[in-house]
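Read the figures in this text as sums done on the coordinates, not as results from a lab. Because the structure is a prediction, the values reported are computed rather than measured. No Cβ is skipped: glycine too gets one built from the backbone with ideal geometry, and neighbour counts run over all protein chains shown.
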Amino acid sequence: DIVMTQSPDSLAVSLGERATINCKSSQSVLSSSNNKNYLAWYQQKPGQPPKLLIYWTSIRESGVPDRFSGSGSGTDFTLTISSLQAEDVAVYYCQQSYSTPYTFGQGTKLEIK
Amino acid sequence: QITLKESGPTLVKPTQTLTLTCTFSGFSLSTSGVGVGWIRQPPGKALEWLALIYWNDDKRHSPSLKSRLTITKDTSKKQVVLTMTNMDPVDTATYYCAHSPPPQWLGTFDYWGLGILVTVSS
């Protein structure tokens, strides 16, 4: 199985400031057939199911604000929230879909400082 | 509008078999590339990918649980069923079903059910 490790486990950021969450995979999730990294990001608020934010490393899902962006390649990836809003308080998960089982990271809890 | 809803028992005894049904609307499981998956989340813990079934009946399972899991679909009823045998208290979790959009092997989940909390206890 590909192990996904996120850092930090928790993060406190002031409103309007940048938040950065990292995700590292135990092996590359870059497909040689289409040059795409099979890495997605989800947001989960308390009592709710996860919400897909980004797939293929950097493609925002429809309706996701452009303050959310993703980057990276191979084994190292980043989710950036450019200007933190109160509604962004949540747990964020990365997921690889390069090979089954499509494993998730352990989650990063984002709070307001 | 795509919706999914999980149903089944909320309490099972150790060693029993759990059967969960995902009933969906707004899409067809006969559409090329579409899949429905199951993901679970123990209380206060991370998401765990369990299984995924595609439109062409291709099935993928978590290797660590493969011997205990069965995933099937009924396209006409718009349902996907997950069966997990030999339940244990560590299997206590919220179980989610979710829609996996094409292309096949994208592997992400863009619509989720609200989840069903299954407690394993005698």
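Among residues of region B:104-122 being crowded, with 22+ Cβ neighbours inside 10 Å and without any contact (Cβ under 8 Å) to a residue 60 or more places away in the chain, the one that is nearest to the other protein chains (Cβ to nearest Cβ) is B:Gly107. Screening region A:37-52 for residues that are within 13 Å of A:Ser99 (Cα to Cα) and more than 9 Å from chain B (Cβ to nearest Cβ) and picking the one that is surrounded by the fewest Cβ atoms within 10 Å (Cβ to Cβ) gives A:Asn37. Restricting region B:37-48 to residues that are facing chain A (nearest Cβ under 9 Å) and crowded, with 24+ Cβ neighbours inside 10 Å leaves a set whose member that is nearest to B:Thr10 (Cα to Cα) is B:Ile39. Scanning region B:86-103 for residues that are within 14 Å of chain A (Cβ to nearest Cβ) and surrounded by 16 or more Cβ atoms within 10 Å (Cβ to Cβ) turns up B:Ala93, B:Thr94, B:Tyr95, B:Tyr96, B:Cys97, B:Ala98, B:His99, B:Ser100, B:Pro101.
For region B:69-85, the criterion of being surrounded by fewer than 21 Cβ atoms within 10 Å (Cβ to Cβ), of a type in the set (Gly, Ala, Ser), free of Cβ contacts under 8 Å to residues at least 60 places away in the same chain and more than 14 Å from every other protein chain (Cβ to nearest Cβ) is met by at least one residue.
Would you check which residues across region A:1-31 are outside any strand (DSSP E or B) and either within 14 Å of chain B (Cβ to nearest Cβ) or hydrophobic (A, V, I, L, M, F, W, C) (or both) and list them? A:Asp1, A:Ile2, A:Val3, A:Asp9, A:Leu15, A:Val29, A:Ser31 - these are the residues of region A:1-31 that are outside any strand (DSSP E or B) and either within 14 Å of chain B (Cβ to nearest Cβ) or hydrophobic (A, V, I, L, M, F, W, C) (or both).
Could we say that B:Ala51 is within 14 Å of another protein chain (Cβ to nearest Cβ), over 19 Å from B:Ser32 (Cα atoms), touching a strand residue (DSSP E or B) at 6+ places or on another chain (Cβ under 9 Å) and buried (at least 21 other Cβ atoms within 10 Å of the Cβ) here? No.
Restricting to region A:86-100, and then to whatever is surrounded by fewer than 22 Cβ atoms within 10 Å (Cβ to Cβ) and in contact (Cβ under 8 Å) with a residue 40 or more places away in the chain, can you tell me which residue is farthest from the other protein chains (Cβ to nearest Cβ)? Ranking the qualifying residues of region A:86-100, first place goes to A:Ala86.
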